[in-house]
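**Student:** Dumping the structure here so I can ask a few things about it.
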Amino acid sequence: MTREHRLAVAAAWRDKNRDHIRKLSRESAARARAKNPEKFREAGRRWRARNVGKERAEKYGLTLDAFHRLHAAQDGRCAICREPKPLHIDHDHASGHVRGLLCRRCNVALGYLEAVIFPIGIDVFVRYQFNSIQKEIDKQKAGVSDTAVNGKEH
């Protein structure tokens, strides 16, 4: 039997038994993780440190280097609230243009603003807030407490 023939037979066996090989590989990895969990945690930390943002960056057309530059430019903080939290790539859904990195809370809030508030008009919300503040000022000037109006103490 020639070397080429042995390689072809081995390749055919691997193709035929792919699911069995994967199962054995998963079981072996699980045993190794159970035997030395700290080693695997550390390996995971090293991998994440090398690859942080890679998949997300590629999804939005950024190189990993560009993602790291953007992260460094923002000092690892959310572009809106400036909190040092895990960051998500914020992008314009129409153009795909990357605007910056945001924490989950700010990213969700901005998405809500764009989907719900901007179409109505932000001026409607600003006017509502202003009117609410103005009513409170007018009540204070008139000497009317919130208790007298609502029957509750705040």
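**Student:** Within region 77-100, is there a residue that is in contact with a Pro (Cβ under 6 Å, 6 or more places away or on another chain) and surrounded by 13 or more Cβ atoms within 10 Å (Cβ to Cβ)?
**Tutor:** yes
**Student:** Do you know which residues across region 1-58 are of a type in the set (A, V, I, L, M, F, W, C) and closer than 30 Å to Ile89 by Cα?
**Tutor:** Of everything in region 1-58, those that are of a type in the set (A, V, I, L, M, F, W, C) and closer than 30 Å to Ile89 by Cα turn out to be Phe40, Ala43, Trp47, Ala49, Val52, Ala57.
**Student:** Every residue in region 56-100 that is out of contact with any Ser or Thr (no Cβ under 8 Å at 6 or more places or on another chain), touching a residue at least 24 places away in the same chain (Cβ under 8 Å) and either part of a helix (DSSP H, G or I) or of a type in the set (Ser, Thr, Tyr) (or both), please.
**Tutor:** Result: Arg56, Lys59, Tyr60, Leu70, His71.
**Student:** Within region 101-112, which residues are in a helix (DSSP H, G or I) and surrounded by 13 or more Cβ atoms within 10 Å (Cβ to Cβ)? Break it down stepwise before answering.
**Tutor:** Let us first name the residues in region 101-112 that are in a helix (DSSP H, G or I), namely 104-112.
The answer is Arg105, Cys106, Asn107, Ala109, Leu110, Gly111.
**Student:** For region 1-54, which fully contained helices (runs of 4 or more DSSP H) count at least 1 residues that are at pLDDT 90 or above and under 30 Å from Gly76 (Cα atoms)?
**Tutor:** 37-51
The values are calculated or read from the model by the stated rules, or taken from the named source; none is laboratory data. Predicted model only: the values in this text are computed from it and were never measured. As a convention, Cβ positions derive from the backbone with ideal geometry for all residues, glycine included, and neighbour counts pool all protein chains shown.
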